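Notes follow the structure.
The values are calculated or read from the model by the stated rules, or taken from the named source; none is laboratory data. This structure is a prediction, so every number in the text was calculated from the model and none was measured. Using ideal geometry, Cβ is built from the backbone for each residue, glycine included, and neighbour counts are taken over all protein chains shown. Surface areas here come from the heavy atoms of the whole protein model, side chains and all, with no ligands, DNA or RNA. Shrake-Rupley method; radii C 1.70, N 1.55, O 1.52, S 1.80 Å.
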Amino acid sequence: MIRQLDMNDQDICLDFVKKKPAENLFIIGDIEAYGMETDFQTVWGEFNRDNQLVAVLLKFHTSYVPFAEGSYDAKGFAEIINKDSSFKGLSGLKDVTEQLEPYLKKSLLKRQMYYAKCARTKSENAPSLEKVQTAQPQDAAELLMMLDQIPEFSQSIPKTAEQKQRELATGFSRACFVRQDDKIVSSASTTAENTHSAMIVGVATLEDYKRNGYASACVHHLCEQLFTEGKEACLFYDNLSAGVIYKHIGFEDIGLWMMYNEKSEA
């Protein structure tokens, strides 16, 4: 049976998804931040015959994230999505989303990425952290300026310096960096932090400063900060060379993450 969840179901829902905190980073974070139902967020759950929660579907604005630990009523979840005229995107673990695909009516563009998590770094591979600094709000503009010089990020930095500064000040996200020649040359940040996990993003180094281990040191530094708070670190990657570096730090692949987006009209 599938039904919409309300505030009385919140603890049951969080207990279910927190069994896999990295895999459910987005669901956990959104529920902790906004609850079970707002004008932009809704959560549904599937219950088995013993009234146990076995699958969750979260809608955040125009996008959906499903989660289940095996087979579930994918057709039922798809019916909810198909009835939503505002539906524009879907994301989730491949073994969950691929069950939905046959039932979705909208034509979507797909992108697949590796999803990895780290609960403990490999101490024998620990890089030197002497040059790594923790970012403060006043570093926000310079951090964004550095990322704007990285080809992979130059077209995908939606934040303004004021937004980044606010996130660093409130603890919504954190960042660290390496400074050389009086400028930031490498950095890594977190986003979507919740009480159990955090996503590492924006891992980058300026071209002239690569192959010095700066990015690895930044990621390692962030991981150690998260671990002291009892959180798992996770990240996406599609570059296999980057994957080797992350695994050297201690990350392990936990699956493939799928992102589906509405095709734009020509």
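Take the residues in segment 6-25 that are open to solvent by 60 Å² or more (accessible area, probe 1.4 Å) and of a type in the set (A, V, I, L, M, F, W, C); name whichever of them is farthest from the chain's Cα centre (by Cα).
M7
I'd like to check something: does segment 91-108 contain any residue that is without any contact (Cβ under 8 Å) to a residue 40 or more places away in the chain and under 20 Å from the mean Cα position of the chain (by Cα)?
Yes, segment 91-108 has at least one match.
Being in contact with a Cys (Cβ under 9 Å, 6 or more places away or on another chain) and either closer than 27 Å to K88 by Cβ or outside any loop (DSSP other than H, G, I, E, B) (or both) is the filter; apply it to segment 248-266 and report the residue that is modelled with the highest pLDDT. Write out each step before concluding.
If we filter segment 248-266 for residues that are in contact with a Cys (Cβ under 9 Å, 6 or more places away or on another chain), which is where we start, we get 249-252, 254.
Next, only the ones that are either closer than 27 Å to K88 by Cβ or outside any loop (DSSP other than H, G, I, E, B) (or both) stay: 249, 252, 254.
Numbers: I249: 93, E252: 96, I254: 93.
Only one residue fits best here, namely E252.
Assess whether R111 counts as being in a loop (DSSP other than H, G, I, E, B) and under 19 Å from the mean Cα position of the chain (by Cα).
Criteria not met by R111.
Which residue out of I28, I2 is touching a Pro at 6+ places or on another chain (Cβ under 8 Å) and touching a residue at least 12 places away in the same chain (Cβ under 8 Å)?
I28
Of the residues that sit in segment 165-191 and are over 19 Å from T205 (Cα atoms) and of a type outside the set (A, V, I, L, M), which one is modelled with the highest pLDDT?
This residue is Q165.
I'm checking my understanding of the structure. Among residues of segment 148-162 that are in a helix (DSSP H, G or I) and open to solvent by less than 70 Å² (accessible area, probe 1.4 Å), which one is modelled with the highest pLDDT?
Step one: of segment 148-162, the residues in a helix (DSSP H, G or I) are 151-154, 161-162.
Narrowing further to those that are open to solvent by less than 70 Å² (accessible area, probe 1.4 Å): 153-154, 161.
Working: F153: 76, S154: 63, A161: 87.
Here the answer is A161.
Only one of G70, G29, G35 is among the small types (G, A, S) and loosely packed, with under 13 Cβ neighbours inside 10 Å; which?
Only one candidate qualifies: G70.
Using the structure shown, decide if S85 is over 27 Å from V201 (Cβ atoms), in contact with a helix residue (DSSP H, G or I) (Cβ under 8 Å, 6 or more places away or on another chain) and not acidic (D, E).
On the way: over 27 Å from V201 (Cβ atoms): yes; in contact with a helix residue (DSSP H, G or I) (Cβ under 8 Å, 6 or more places away or on another chain): no; not acidic (D, E): yes.
No: the conditions fail for S85.
Test each condition in (1) touching a residue at least 60 places away in the same chain (Cβ under 8 Å); (2) under 28 Å from E232 (Cα atoms); (3) open to solvent by 80 Å² or more (accessible area, probe 1.4 Å) for K88 and report the one that comes out false.
Single failed check for K88: (2).
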